[in-house]
Structure formats: C-alpha cells, structure tokens
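First comes the structure, then the notes that go with it.
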Amino acid sequence: MERNSRMGGRFRNWIAAAVVALGALSPAGAGAQALLNVSYDPTRELYEAINKAFVADWKAKTGQTITVNQAHGGSGAQARAVIDGLEADVVTLALAYDLDVIAARGLFPADWQKRLPQNSTPYTSTIVFLVKKGNPKAIKDWGDLTRAGVQVITPNPKTSGGARWNYLAAWAWALKQPGGTEAKAKAFVQALYKNVPVLDTGARGSTVTFAQRGLGDVLLAWENEAFLALDEFGKDKFDIVVPSFSILAEPPVALVDKNVDKHKTRVLAEAYLNFLYTPAAQKIIASKHYRPRDTAAANPADLALLPKLDLIAIDDPVFGGWAKAQATHFADGGVFDQIYAGAR
Amino acid sequence: MGQATPRLLRPPPPTTEPFAVKWALIGTAVLFMLLFLVMPLAAVLSEAFSRGIGTYWAAITDPYTLKSVRLTLLVAAISVPLNVAFGMTAAWAIAKFEFVGKSVLITLIDLPFSVSPVIAGLIYVLMFGAQGWIGPWLIDHDIRIVFAVPGLIVATTFVTFPFVAREMIPLMQDQGTDEEEAAILLGASGWQTFWRVTLPNAKWALLYGVLLCNARAMGEFGAVAVVSGHVRGVTTTMPLQIEMLYNEYKFAASFAVASLLALLAVVTLVVKATLEWRFGEELAAVHRAPGGKV
Amino acid sequence: MFALRRPSVLPGFGPTLGFALFYLSLIVLIPLAGLFFKSAELGWEGFVRAVSTPRVLASFRLTFGAAFLAALLNAFVGFLVAWVLTRYRFPGRRVIDGLVDLPFALPTAVAGIALATLYAPNGWIGSILDKVGIKVAYTPAGVWVALVFISLPFVVRTIQPVLQDLEPEIEEASASLGARRWQTWLYVIIPVLLPAMITGFSLAFARALGEYGSVIFIAGNLPFRSEIVPLLIFVQLEQYNYAGAAAIATVMLMASFILLLIINVLQRWTARRHGAD
Amino acid sequence: MSIEVRGVEKEFGGFRALDGVSLNIREGELVALLGPSGSGKTTLLRVIAGLEYATGGSVLFDGEDAGARHVRERRVGFVFQHYALFKHMTVFNNVAFGLRVKARATRPSPEEITSKVNALLNLVQVEQFGSRYPSQLSGGQRQRVALARALAIEPRVLLLDEPFGALDAKVRKELRRWLRGLHDRMGLTSVFVTHDQEEAMELSDRVAVMNRGRIEQVGSPTEVYDSPATPFVYEFLGNANRLPCRIEHGSARLGETVFTDATGLADGDGVAFVRPHDIEVTSDRLALSIPATVKQVLISGAVAKLELTMDPAPGMIEVELPRGAHWGAPFLAGQKVHWRARTARVFPASAGASPVAAPEVKAAG
C-alpha cells in the first residue's frame, strides 16, 4: 500500500521536475557573450583553431571572456537550419549559393558578398585527387577519371557543397578541352558519375568510404580534406594528385544581421569575421591547408604544399555565378538529374 | 521437418524434433544472431578499444562528450515520463473500455513506429521553424523549439511515443476488469483503483515499456539530427556526438561513445532478463513486441 | 440505442481518453497534419508529379522491395529464433534472447556504421563475401542487411508469446491422433502461429519502410539504384523544396498508416475469433 | 435492507439480456437467481450491484432509487465468479482494501483495520493465511477470502456470482452449508446466482427461476418444485415426463384414457408433466390407469428406475420407485403393467413448454 502511494508521489514529482526543466530551458541558450558560427563539414579543425585564437585575442583586447559555439554539417543542411531558425550569428558555408538562399529569406542583405573584402571569402581552396599510395591506376588528370575500371568516390552534389565544386570542376575541364562543347561536357560528367559506386551525403562520408572502407581508386576532395586524410589515415597509404586544372572554391562568410541584432552581438560578430582576415588567422588558415588570401604571415612550409595550378572561378562566364550554375546543374531536372536519368 | 535423420535408440517424443533437426535449428538461429546482432556489437566494441584504453577513457571524458551525455539524459528524463503519462492514460482508456474507433486510435499510436525519423524531424521544423506555421510567433516571443533543447525533446517524444502504451495495452486488456470492478464496489475511487489495483498488476509491462522507451530515447538519431542544428556542446546528444566524432575521423572516440550507448542497450537487456528470471510468470504475459498485441 | 461507447462502472474514461487524444494530437496528429498541408501547396497535379518522377518511383521500388524482403526473411528467421528460444534449452539461450532487443536499443546510426564496417569489402564479413564475389555494402543488398537488422525484434517478439501460450497438449493430441511430426507442424502449429507471423511481418515491414539512419551508411545512395525514399526526402529538403519533401513523406505516411490499420483490425478480428471458442 | 427490482431491461447490442424483470427481495432474505446459462441471471445481479447500467427500469434499495448513488456508495458486497482477488496483495491486504480506501475522515485507524480484518479472517476460517498471496490458496480458501473482502465494508446487501461454480463437488457442499450458516448468523440480505438447481433448493429462502431474460417464477424451493408455474420451470427443476395429451371438458386424455384433471383449461392440445416419482405402477388395471410394457429395469442406489413404453401411444415414460416398494414383487422387462400419475400438471401446448436455452451470452466484462 505505502509503496504504491509513494510511487504515485514520485511520479508526480517527476512531472513537476520535467515541467520546471522545460520552462527553464526554453528561453535559454547562448548568452550575450557567445557567438554561434554555423559552418560546413570540413572546417571543423580550422574553426577550432581560429576560435581559440579569436577568444584569446578578444580577451587581450577587451578583457571579456567569450565563447564561440560551432555547428557543422552539410552546407545545404546548415543553411536550411539557419533559415528555419537556428540562430547563427555568423555563417561560414561552402558556397555562396547557400548564403544567397539565406539572404533571400531576409536574414541579411542580398549584397552580403560586398560587405567584406575579397567577395567575403577570407580563404579559398580547390579540388584535388586523393589516390592510393603509388597511384596504381596512374590517375593524372580529369580525363583519367572516366576510364573503364577506375572507381571515383565523390559525394552527392544534391546534398553536399563540396560535391558541387567537384562536379563543376569536372564540367569546366571538359569544356576547356579542344573542341569542348556543352554536350561533350555533359557526356564527360555522365561517364564520370558512371564510375561512382557510392554517393555519400557529405564530403566527410566520402572520405571515410575511400580511406576507411577502401572503396574506389580516387577521391575527389577539397584540397584541405586531402591533406587532412593524409594526416589522419597515414601518409604511407595515400598520395595527392593535383590535376592540371581545377576550380577556385570560394567558401564565403557572412554576418546574420537579424540574429546579431536580436542577440546584441553585432560588434563581436563583426570583429570575428574581420579577425579571419588578420595575419594571425591567415596563418592558421594556411596551416590547415586552405589557401590564404594574405600569404605574408603564413608559414612558408605550409604554402609550399599548395601548388600553383590553373583555376576557374564560379563567376566565370562558363558558369555565370552560383544562381545560374545551381539552376542549370543541380535543380530538380537539372543536368545532374539528366545524367542519371539518361544512364538508365 | 525432415524425418531422414538416423533413429536413436528410442524414437523421439512425439512433440519434439529429432535430435539432429533440433540442433540444426538451434545452430541456424544462433548463426543468424551472430551474423546480424553479435557481430555489429562486437564491431562497435573492437573499434572503440582499437586505440587502447587510454584513448577510450579520454574520449568518454571529453568535455563535449560529457555535455552530450548530460543532454541525452535530460532529454530522456523529460520525454520518457511524458510518454509514461500518455501510455498509462491511453492504456486505461483503451484496455478497460469498449468504444467506437479503437482500432484507428491504436493505429495512430503505432504510427510513430513506422514514420521515418527524417519525416519526424521535418514535421517539427514545418511547425516550429522560422518559416513554419507557429515558428514566427514563437521567435517573436523568444521561445525556441527547433534547434534548441525543446526541439530535441519533442522529436524524441515523437519517436518513442508508442513504447509504453504498446506494452501496457495488451496486458491490461488480458487482465480484464474484474479486479477494478471489485475495487470500485469496495469503495475505492477511480484514482485509488488505478494506483492500487491496475498499476501494480501492470507494473512489469510499464517497466519494460519504460526500459525500451528510454533506450530508444537515448539512441534516437535521425529525427534529432534534423531538429538539432548540430551546435557542439549545446544541442548535440550522444548519437549526434557520435556522428560528429566520426566525421572528424576520430573513429575510436566515436565508437567509444557509441559503446556507451551499446552498453546502455546491454544494461537494458540485462535488467529485462533479470526481471524475467525473477518474475518469469508475471512477465511472460508482458513479453510482447511493442507493436503487437497477439 | 446506438452508443459510441459501452457504458461501464469504471471511472475515468473521459479524462484518460481526453488526455490521450490531446497528447496524441499535440505530438503526432497536428504535426503530421502539417505535412499534408505542406504537400497540398503543390496542388494535386504538382503532388502527383512530385511523387511520380522516375527517380522517386525507383526509390519507392527499392524501399518497398527491400523492406518487403527484409520482413519476409525475418518472418521465417524470426519464427525460427522464437521457436528455438521457447522450445529448446541450450547454453547461451538467455544471452541470445536478450540480444533480440538490441536493434531496438542501439542507435540506428551506430548500427549503420557498425554494419558498414562489417560488410565493407575490407570488413570482417565483407572481405569473406568479397572473395566469392558477393558485394553487400554500398549495394541494394546493403539496404536489405540494415533493414533485416532493425526489424528482426518485431517478428521474434510477436511470435514468442504466442508460442509460449501454445499448449503442448495440442501437439500431443495431434500426435496421439496419428499425425507425423511434419503433419503436426503443417496442420496444427503453423495455422495457430500464422496470425502472429503475419503481424510480425507487417510490423517489421512498416518499421523498415521508414528507416533512415542505419541505411544511409551502408547503402551506396546511388540514384535509381540504392537510394531509399527517406534519403530522397532529405535530398528534397537540401534543395529547399519543403513541399516536395512533404509530398513524398505523405505517400510514405499513408502507406504506413494503411498497413498498420490492417494489422490492428486483423488482430482485433483474430482476438475476437479466439475469444469465441 | 430490502431490494426492489422494477421492470429492469438490459440490451447488449440488440440482444435483450433482461426483458422487464421485477423482483422483491425482503430484508434478511437469501435469494437464488436460478437459470440456464444465458438466462440473464448474472446480468441481473450486476445490474443490482450497479456494475451494469439498466437500459430501462430501476433498482430500489429500501425504497430509494439505487441508480442515484454511485456504485462506490451503494455498499454492496460482491463476490465475483472467479473471485477477482487482487493478485499482487496478500490475503490480509485484500480484505483490508475496502477499509483503507475510505476517505480519511471515515477511515478506521490502522489498529482498528488490523483487528477488523483479523476478525473477518477468523469468521471465514482463513486466519492462518493472512500473509499469503491469492495464488497460494486453494479454490475454497480464495472463495472465503473473497467473501471476507466483500464483508469488510459492512455491506447492506451481499451479491454472489456463481459462488461455488469453480469448486469441486465436495468442497462445494461443505461451503454451501457453511455459507447458509453464516447467512443465518449475520442476517444480511443476500442474492446469489447459480445454474445448479440443487444448490438453489438447498441454500435459498426463495428462488427466482430465470429464462431468456425473464423471471418465470419466484417462490420458496418447495413452491417452485411442487407447483411450477410454467413448463420451463417444471422441466428445469428436476426430472419430468413430458406427455402430449388432449384437453377435453376439464380433463386430460392420453389416447382414450382420461388420466388427470385439467380444470380450467380450454379444450385443445396440451402437455402433461409427471415427475418419475409421482407415478404408481401395478400389474393390475386401476381407475385412470394406462397400460404399458416394462422395457428396462435399472437399480440405482435406493431407487428402482423403470422405463415403460405405452401400448396405445408411442413414447416412453420414466418411473422411479422406492427400492423397498419394488423389492417384494419386482417388475421384469417385458412385463405388461398399468401406470397412473399420483399428481400431474397439464399446460396448454401453446404455453411453449420446451425449455430451450438462449444462446450463451457473456456478461459484459
């Protein structure tokens, strides 16, 4: 008897505790002295280092202790989360298109890309190949990827920002070949994706598939990801192959006006984004194998790892900017869908 | 079943299979279980300890991991009692009364079982997101649901919704209403009848439901991933932390955290087995698939 | 007199049903209704178009096919496991019994990663299968493996209690009437267990339809080949096409609901039939 | 307390389980509701208890409409057919339940509860089993505990559903006698349901015989047995020979022979009922006697059973003779004899004599 009534009491206490906890949590979250940087997958190590430096820098300058929270995920998914209410103070995503979409919902102005130097991209990167040690399939350039028997690992451009850069680089290379036409370029990417056995949803998934599961002969990867894979999985297992030509990947950053005004963190957020352009940050950027805008402060050894190659920008008439590239290639019924529908 | 096996000294009893057939059946079942259940568990543990115990310990004492453990416990501590409250009331209404539309109601309770976690997450984003129906109002009043802890709780509650109700309903139906009627005739109020007669009789079903509900609440990934926003240390539950570590190529650490959840699963199962061993008879009636009243 | 409910002396029907319905509406019904409204934005034609592109149809085929085959295998293997666990005594029986619930408790993502680790060409099982030319991970077979894993407990846990309740006297009676063991199986045991097997099969099927976390790690996710419906929903979301995602989700939801409703009606029907004899 | 049942009706999804039942139960009486399964007796008991809501009519306790009170406040002691003991409580706690759930103001102190429960356990002779669980008791013991539990709340009436149904023959007899004794000591108005006519006869002050949702007859056991009001009652209570006959000018004819009185009945086809022990058999012809042939003679304990075939009309008659009477001049198979009824009862054929049991209906659960 007693036991039963106690049970009832305990249960009621639980409910009460739950309600209190729920109430306490709802309006909580980051305080005024915190920033939320919503970023894409491969920048985890980069921003971990930059945030540490920024927090120290801010402390030295103002005496305030702040925290920078990080959220990582697929670039598109992250943009969507911000649109749906993830209250990012700054967004640092894989491609300008994702920021355009956020701007279109009025979270920051449409001309966001003009608010910071260099198209609001404090660093750039490119797409290279990661192959097995000794390059057994002798993969040198884009043309080798469509050979029979070569398996290419790349994520799904529909869900991964990096994968879109991969795809566009391949497209531009094909177009640039003597006698290249759009039809030939399409045939080329179609042949390339025919060699793709797995389409992971994100760049990191592809790297795991290639490096950990041992699937495929070549991984199309961000340059920094390729170096990271060497570090993580062993320099003795993989080689980086730099193709003759690639794309200039410009992962942009922006301040989310609507959220910083709400959080009253505009000053801090602006300082954070500006910090990315400082020599200190640029040095970190180079050390994480991204291409810094300002090479002056960077460690020459880091810079030596980043070879010069012919790069094409997204604003090149070949693509006509992100909005057009997205509509042409990646929208429902776009070229990417066509090459899969046609392959059947 | 084949009769081709050599006869032993005596023919087998008429209600069992011949020796060889019996062991062939056991062997097949055990092999299947090994292949599909034991090996994945072993894989998790072997990966978790692949870099040694030091790495393992470092991984599970990492501040972010500890935060994710705390968050996971918090989410479970709220969503499980909510579902218990629901499970008990729904079981009372469904098991003790006859009314029109019962099948539809039970089906609706089952529905979260088969709804894809992605859909589960999506519906809450559609509701509470900044572009959703009541999201803008919530944001104006500075109430955050999605991409904050309440969103994780709501999504988890959805995914674990049927467990308690589904365990309790069949048992309470089997038990009929005699004892409750007796209690009422003896002057007990409805509340007294429930706490003193119905609940003690259904306590094992309740406990089993809570165990499964809790295990699932702590392990939910898909739905939570959609509403989390992945803010490290703020909205990352253990499964999200596992994914995050995995995506950082910290496989050993990732599997170390996973092993904690696997351990939770094992503990759940051990508790369940112990209960069964001690209260076999009572629990036999309870021991049903969460989906199935048979 | 027509009544919605048979009157009873037990109190609390109103409040409990009321609370249950309120909570059900809040957590399940209203959000799910939101899905319908969202997909309604497309209009009927847009809706049909969104869910009938060749790619969507291909993934419907894969999802329903793999879920069906997984549930089918589990209907048999699950039955075998349940039979062995209830009828035979052997070392390790309790451990095996406990492990049946593992897929309930293990996070699906962990399950997916673990299965991918095992069945990848360089994994413990995958390397063996690779030698004989069988590929599991990153093929439709991988989808199937993941679905078998997550849906097994539904079948076992549905059949087990019925087997436990099955009185040995029935089998003895059958034997005493001259039936051979296989005849007892065919005419006595299987018919009694069939409703439970069908229920277990359907539950496993319904559960497998919606699975996401474990599948994406082990499926190749190639359009037209190994792309499951939940992934397609995810892809639609990535393109900010909420209405399209909602449309596909709606179709899945209706399929699940109808399937579950059939099971529940079937169950009440068999329960009533059994109650009458 | 007296109970008055007034025109109670009860329908279950189109089936009339109770069809206008009226019954008066006097203070302190022990009444049996007797009938075949499906006759509505359990439903009536549950309506009296308040466990079932009547579709029509009313139940009055001491002249007050019981429907106005919640079941909880009716103070009805109810013993379920399968006892419905709380499995998870000890015997002591089962009996104490009704006292412990009382509102604080009226709840006895723990000491009072203990002494009261112990007294009840003593009363039903299970005092040594207070700490056992129901599953550890025999059927008879469970029955007693269920009774003690029902008595704990000092009920105004005691209702028992098939109280001896689940017990074996010997325990049943013992318990029956004990229950009667208990009733006589306590004087509590009691109603019990049974399908066993012997049980009803032996135990009750009055019997209400039920058939197809109606009460066919109410009366003392001797009344209903000796003067059944309907063919159903005649056949349901004890053995009876059922003889189709003609009613002419106030007497019943079997073939050509006028064999019994049928005063007040209109001319036409009739059915006569004669109990086997109300038949006289002689080798000589007597007044009003009918010739027959002895088909078979069976000796069963203290009685001799004769099966007679009638010579003029087809049909068989069962006769029970005290063995002593048979002893001196035993009848033999094949012997030509004459028989006549000491008493018989004639009903018009239209009275629907055959007691066809209504389909089994489970009480709502």
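Here is how the numbers come out for the structure above:
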item: Mean Kyte hydropathy of -1.0 or more with a Cα span along the axis of at least 24 Å, helices from DSSP in chain C; result: C:54-87, C:140-165, C:190-210, C:242-276
item: Percentage of interatomic Cα-Cα distances in the range B:61-182 larger than 18 Å; result: 63 percent
item: Solvent-accessible area per residue, Å², over the protein assembly as shown with all protein chains present [probe radius 1.4 Å]; result: 38 Å²
item: Computed Rg/Rh of the range C:25-141, alpha carbon atoms with Kirkwood Rh; result: 1.10
item: Between 0 and 90°, nearest 10: helix A:223-233 axis offset from chain A longest Cα axis; result: 80 degrees
item: Convex hull volume per residue for the range D:1-131, taking Cα atoms only, in Å³; result: 153 Å³
item: Rg to Rh, two decimals, where the protein assembly as shown supplies the alpha carbon set and Rh follows Kirkwood; result: 1.12
item: Calculated P(r) of the range C:106-203 - Cα pairs past 19 Å, %; result: 59 percent
item: Neighbour net charge for A:Gln64 - beta-carbon separation under 14 angstrom, K R +1, D E -1; result: +2
item: Accessible area of A:Thr62 in the full protein assembly, 1.4 Å probe (Å², nearest 10); result: 70 Å²
item: Column: log10 I(q)/I(0), Debye, Cα scatterers of chain D, q = 0.06, 0.09 Å⁻¹; result: -0.31, -0.63
item: A:Ala60 paired with C:Asn122, simple spin-label distance in nm, labels 7 Å along Cα-to-beta-carbon; result: 4.2 nm
item: Leading residue at positive end of dipole, chain B (Cβ point charges), from B:Leu34, B:Gln241, B:Leu122; result: B:Leu34
item: In Å², nearest 10: area of B:Trp92 left accessible to a 1.4 Å probe; result: 10 Å²
item: Shielding by other protein chains, D:48-55, mean Cβ within 10 Å; result: 3
item: Simple Cβ-charge dipole of the range A:185-344, Lys/Arg +1 and Asp/Glu -1, about Cα centre, in debye nearest 20; result: 260 debye
item: With 5 Å bins from 0: P(r) over the range D:27-89, alpha-carbon pairs, percent; result: 3, 14, 22, 25, 20, 11, 5, 1
item: Cα gyration tensor, the range C:159-277 - rounded (a/c under 1.5), prolate or oblate; result: prolate
item: Calculated log₁₀ intensity ratio I(q)/I(0) where the Debye formula runs over C-alpha points of chain A, q = 0.08, 0.09, 0.14 Å⁻¹; result: -0.44, -0.54, -1.12
item: Whether the range C:224-263 is rounded, prolate or oblate, judged on the alpha carbon gyration tensor where a/c under 1.5 counts as rounded; result: oblate
item: Accessible area (Å², 1.4 Å probe, nearest 10) - C:Ile189; result: 0 Å²
item: Shielding by partners, peptide C:79-91 (average Cβ within 10 angstrom, other chains); result: 4
item: Protein-protein interface of the range A:161-205, residues with accessible area decrease of at least 20 Å², isolated chain reference, 1.4 Å probe; result: A:Pro197, A:Val198, A:Leu199, A:Thr201, A:Arg204
item: A:Asp98, A:Asp144, ranked by accessible area, largest first (probe 1.4 Å); result: A:Asp144, A:Asp98
item: Cα-centred dipole magnitude for chain C, charges only on beta-carbon of K, R (+1) and D, E (-1), debye, nearest 20; result: 180 debye
item: Pairwise centroid distance, computed over Cα atoms, of the range A:269-344 with the range D:36-91, Å; result: 81 Å
item: Listed residue (B:Ala256, C:Gly46, A:Pro136) projecting farthest to the positive dipole end of the protein assembly as shown, Cβ model; result: A:Pro136
item: Surrounding net charge for C:Val235, when Lys and Arg each add one and Asp and Glu each subtract one, Cβ distance under 11 Å; result: -2
item: Electrostatic dipole magnitude of chain A [Cβ: Lys, Arg +1; Asp, Glu -1; Cα centre; debye, to 20]; result: 700 debye
item: Rg and Dmax of the range C:21-276, Cα atoms only, in Å; result: 21.1, 68
item: Accessible-area order (highest first, 1.4 angstrom probe) of the listed residues B:Trp277, A:Trp165; result: B:Trp277, A:Trp165
item: List of the range B:121-138 residues, accessible area with partners at least 10 Å² below that of the chain alone (1.4 Å probe); result: B:Leu122, B:Ile123, B:Tyr124, B:Val125, B:Leu126, B:Met127, B:Ala130, B:Gln131, B:Trp133
item: Radius, Kirkwood style, for chain B when every pair of distinct Cα atoms is counted (Å); result: 22.1 Å
item: Environment charge at C:Ala116 (Cβ cut-off 15 Å; Lys +1, Arg +1, Asp -1, Glu -1); result: -2
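The values are calculated or read from the model by the stated rules, or taken from the named source; none is laboratory data. Model, not experiment: these values are computed from the prediction. Methodologically, a virtual Cβ is constructed for each residue, glycine included, from the backbone with ideal geometry; neighbour enumeration extends over all protein chains shown. In case anyone asks, the SASA skips ligands and DNA or RNA and just uses the protein heavy atoms, side chains included. Shrake-Rupley method; radii C 1.70, N 1.55, O 1.52, S 1.80 Å.
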